[in-house]
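All remarks here apply to the structure that follows.
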Amino acid sequence: MQSDIQQTFQPVQSSPQDAWAMQIPRSGGYEVFERVKIPRREPGAEEVAIDVKACGVNFADNLMRMGMYPEAPKMPFVPGYEVAGIVTAVGSKVTDFKPGDRVMAATYFNGYASFAVAEQDKTMPLPDHLSFEAGASLMVNFMTAWVALHEMSRVRKGDHVLIHGIAGGVGLAALQIAKNAGCVVYGTAGSDDKLEYAKSKGLDYGVNYRKKNFVEDIRLNVGRRPLDIVLDPLGGDNIAKDRKLLKPTGRVIVYGMANAVKGAKANPIVSLLTGLKMFHINLLSLFAQNHGVYGLNVLRMWPFPIMHEVGQALLVELAEGRLKPSVDKTFPLEQCGEAHRYLQDRRNIGKVVLTVDN
Ligand SMILES: NC(=O)c1ccc[n+]([C@@H]2O[C@H](COP(=O)([O-])OP(=O)(O)OC[C@H]3O[C@@H](n4cnc5c(N)ncnc54)[C@H](OP(=O)(O)O)[C@@H]3O)[C@@H](O)[C@H]2O)c1
């Protein structure tokens, strides 16, 4: 889908004044990245050029590195969906930004870099009270969580919401949005520490899935079908389990297939089996149980005007202090492989961000 914006470069030794990026030359493990020099190109008419100070690391970046992400450009390419930094130049039709402005932007790809170009309508002002690291942490996570809860689920006060991966980047964003909407929030995570952290941020009921079966535990302690909404980034047979807890009119929002990932490199058999298990969702069973299942791909939503509205809503929430980004750990851009390892070893509580010293 993104081949028109793909940029590939030859590896070189860069001097400090060059713009540079971390490129994935071929699929591989954490060590596969290489540093490459990139041009400081002029922005197009509706584009904004940015000196990048920080860029967000997303779970999908790991999939891209492993060659498991169909929408990624052909290798070699520079990953990175989102950046924060300072505007250096703007195109002739840009009215909302000027050089010197602090911004955050969705770049689709090419964000693991000291310099990036973003479209004006995918760039937002970075609120004064937020650091560049915070700015690089929030667009993908908060927009995904907002679309899942407000646009797809049409969340209402008093709804009971289960969020898998509650202590991850999207998970903690969704927790804040759901609590602000007046929901009762349940969450799953792979450690007690993660659940404790989420409880300190308002989680009402947590299940450590390594110790307990979340369906049985919630049924036993909360009720047979307590849930209005489930946010599911895991995929595979998890969706059938989610539906065992759904009330009639309940809906599952599926936005990932983390269950397809085992280890640092691609495992085609695990991926295939995870995908096949999702074929169990059929319309007749939804019909019979009055359930809904949504698929969410925020990357594919970005070209649509609704994302501008979502961005504006988030800016209001951030300005009023109702939403707060949770940056767990930063790594220098050159250590992006280590950042991937940290994420994939499931050590993060909140967002992992790369910092750029340019
Ligand atoms: N569709 C979209 O538009 C969209 C947008 C953003 C994110 N996402 C998806 O949302 C999920 C969360 O993304 P994120 O960037 O916020 O990541 P994240 O949740 O900050 O980090 C990954 C966490 O996922 C859990 N996990 C589950 N299975 C895993 C596996 N096989 N390998 C490693 N970790 C695993 C781990 O938490 P536990 O220890 O608790 O298991 C880990 O800490 C991902 O599946 C991602 O692809 C989708």
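Every read-out reported here was derived from the displayed coordinates using simple, explicitly stated rules and does not represent laboratory data. Small disclaimer: the values here were computed from a predicted structure and weren't measured. A quick note on method: Cβ atoms are made from the backbone with ideal geometry, for glycine too, and the neighbour counts reach across all protein chains shown.
222 nm [θ] for the chain, helices only, -39500 (n - 2.57) per DSSP H run of 4+, per residue, to 500? Spell out each step's value before the answer.
Working: 11 runs with 101 residues, N = 358.
Per the formula, -8000 deg cm²/dmol.
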- Query: What is the diffusion coefficient of the chain in µm²/s, taking the Kirkwood radius over Cα pairs and the Stokes-Einstein relation at 10 °C with a viscosity of 1.306 mPa s?
  - Reply: 76
- For the stretch 140-151, Karplus-derived ³J(HN,Hα) couplings (6.51, -1.76, 1.60; θ = phi - 60°; whole Hz; x for glycine and proline) come out as 5, 5, 6, 5, 4, 5, 5, 4, 4, 8, 8, 8
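Pro25: net charge of surrounding residues, Cβ under 12 Å, Lys/Arg +1, Asp/Glu -1, itself excluded?
+2
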- Gaussian network model of the chain, springs between alpha carbon atoms under 10 Å - residue of Val83, Val147, Val32 with greatest fluctuation: Val32
- Item | Charge context of Val36, other residues only, Cβ under 14 angstrom, K/R +1, D/E -1 | +1
- Query: To the nearest Å, what is the center-to-center distance of the stretch 42-101 and the stretch 145-177, using C-alpha atoms only?
  - Reply: 26
- Task: Could you pull out every residue, at least 5 positions away or on a different chain, whose amide H is within less than 5 Å of the one on Thr188? Hs are placed 1.01 Å off N in the peptide plane, and Pro or chain starts have none.
- Result: Ile163, His164, Gly165, Ile166, Val207
- Can you list the aspartates and glutamates whose alpha carbon sits under 14 Å from that of Lys324, skipping same-chain ones fewer than 8 residues off? Asp128, Glu133
- Note on the structure: Pro70 neighbourhood, Cβ < 15 Å, K/R = +1, D/E = -1, net charge +1
- Query: If each of Asp193 and Ala45 carries a label point 7 Å out from its Cα toward its Cβ, how far apart are those two points in nm?
  - Reply: 5.3
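For the ranges 216-222, 19-25, what's the packing order if you count other beta-carbon atoms within 10 Å of each residue, average per peptide, and put the highest first?
On the way: 216-222: 15.3, 19-25: 22.6.
Sorting 216-222, 19-25 by mean packing, highest first, produces 19-25, 216-222.
Going down the list Lys201/Lys244; Lys179/Lys247; Lys122/Lys241; Lys157/Lys201, which pairs span over 25 Å between their C-alpha atoms? Don't skip to the answer; put the middle values down first.
Values: Lys201/Lys244 27 Å; Lys179/Lys247 20 Å; Lys122/Lys241 36 Å; Lys157/Lys201 18 Å.
Listed pairs above 25 Å: Lys201/Lys244; Lys122/Lys241.
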- Item | Highest to lowest packing among 224-237, 33-46, scored as the average C-beta count within 10 Å | 224-237, 33-46
- Message: What lysines does Lys262 reach when the alpha-carbon gap must be under 17 Å and sequence neighbours fewer than 8 apart in one chain are set aside?
- Response: Lys277
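Full extension from Asn180 to His150: what is 0.36 nm times the residue separation minus their Cα-Cα distance, to one decimal in nm?
Working: separation 30, 0.36 × 30 = 10.80 nm, distance 1.13 nm.
Result: 9.7 nm gained on full extension.
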- Query: Given the Cα-Cα distance of Asn267 and Leu299 and 0.36 nm per residue of separation, how much length would full extension add, in nm?
  - Reply: 9.1 nm
- Along each of the three principal axes of the Cα atoms of the stretch 237-345, give the extent in whole Å, ordering the values from largest to smallest. 49, 39, 27
